[in-house]
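A short reminder: the numbers here are calculations on the coordinates, not readings from a lab. These figures come from a predicted structure and were not determined experimentally. Neighbour counts are summed over all protein chains in view; Cβ atoms, including those assigned to glycine, are modelled from backbone coordinates with ideal geometry.
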């Protein structure tokens with residue numbers, strides 16, 4: 001028997017554009033995400049003859065991704081990866097927040113089997129929908145025996161789950177791999193069990209440096225509804241307007257964690273003489289936010 005056919009692929013569906021429908025085929029950008037169930041999506045996919053099973057976890061537009069769905073996705077992915085007869089897992093997801101989900105899953109799971117997240121930029125009933133091809137490529141990727149970990153598979157490209165960023169809002173290949181020397185902040189990572197047990201997730205906000213960044217937003221939020229931490233998307237190598245830096249120093253003095261990242265698409269940030277804030281290295285601001293949330297979960301679990 002062909003060894004490849006002795007195992008199966010599990011497809012976990014969360015919705016997104018790949019499962020979306022448009023009422024106007026001449027304007028496919030006007031659509032509603034998360035309308036087509038996963039088994040219907042799979043009818044147009046060449047699976048290579050391998051057995052597969054599916055679970056419809058949600059039908060959401062990924063702009064509305066939630067921590068609760070992250071926990072569900074984490075639990076089901078871990079469950080299936082633990083099964084001896086499972087070769088790998090494919091996840092369908094919207095493109096808007098997929099880089100956050102990919103970073104989250106890779107960081108917490110660090111799986112020794114392949115997990116391919118895939119997506120689409122056009123809804124399922126668009127005449128030239130990219131979803132079926134992306135789903136087919138993802139199914140093919142997880143059947144390989146020389147790959148492991150979380151990847152994003154889209155438009156003929158495979159990106160590491162902890163080093164991917166969406167850079168284009170329209171084109172079919174909107175993602176790039178962020179070249180990096182390190183993909184994790186030098187902090188602890190909570191266990192799967194710790195993450196699944198969280199009921200109140202740590203709150204981490206992102207603030208942007210810009211001309212005239214006076215820190216009032218930080219001070220106002222800290223005074224009335226203080227978060228657990230801040231990620232500041234600085235200019236260039238994470239530079240900050242002096243007024244914004246002063247406000248973040250005050251937040252730090254009151255026990256809030258502050259991490260400095262860059263609003264630039266490439267390059268990240270490096271440590272500088274006189275740094276008062278932790279820096280995110282090569283992580284994007286949204287990745288740094290996820291990393292800080294996970295660190296805070298680990299800290300609380302250890303108490």
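Before moving on, here are some points about what is shown:
- Diffusion coefficient, µm² s⁻¹, Stokes-Einstein with Kirkwood Rh over alpha-carbon pairs of segment 80-165 at 10 °C and 1.306 mPa s: 123 µm²/s
- Normalising the average separation of contacting C-alpha pairs (under 8 angstrom, six or more residues apart) by the number of residues puts the relative contact order of the chain at 15 percent.
- A Förster radius of 35 Å combined with the Cβ-Cβ distance from residue 23 to residue 177 puts the calculated FRET efficiency at roughly 0.50.
- Principal axes of segment 3-177: Cα extent on each, largest first, Å: 45, 31, 27
- What separates the Cα centres of segment 253-288 and segment 27-45 is a distance of 38 Å.
- Note on the chain: helix-only mean residue ellipticity at 222 nm, from DSSP H runs of 4+ residues weighted -39500 (n - 2.57) and normalised by residue number, equals -9000 deg cm²/dmol.
- log10 of Debye I(q)/I(0), alpha-carbon scatterers only, for the chain at 0.16 Å⁻¹: -1.26
- In range of the label at residue 110: residues from segment 81-97 whose backbone nitrogen is under 19 Å from the point 7 Å along Cα→Cβ: 81-82
- Oblate is the label for segment 136-218, because a/c, from the alpha-carbon gyration tensor with a ≥ b ≥ c as root eigenvalues, is 1.5 or above and a/b does not exceed b/c.
- Two-decimal ratio, segment 201-302, of alpha-carbon radius of gyration to 2.2 N^0.38 Å: 1.00
- For the chain, the longest principal axis of the C-alpha atoms and the axis of helix 67-81 are separated by about 50°.
- Principal-axis tilt of helix 285-302 within the chain, Cα atoms, nearest 10 degrees: 80 degrees
- Simple spin-label estimate for residue 75 and residue 225 in nanometres, 7 Å along Cα-Cβ: 2.7 nm
- Ranking of 257, 76 by neighbouring Cβ atoms within 10 Å, starting from the fewest: 76, 257.
- Computed over every Cα-Cα pair of segment 1-93 and binned at 5 Å starting from 0, the pair-distance distribution P(r) comes out as 3, 13, 21, 20, 18, 12, 8, 4, 2, 0 percent.
- Multiplying the residue separation of residue 235 and residue 214 by 0.36 nm and subtracting their alpha-carbon distance yields 6.1 nm.
- When DSSP beta bridges are restricted to pairs lying wholly in segment 201-302, around 5% turn out antiparallel.
- Panel note: the C-alpha atoms of segment 80-127, placed on their principal axes, show extents of 39, 24, 11 Å (largest first).
- On Cα atoms only, tilt of 216-225 relative to the major axis of the chain in degrees: 80 degrees
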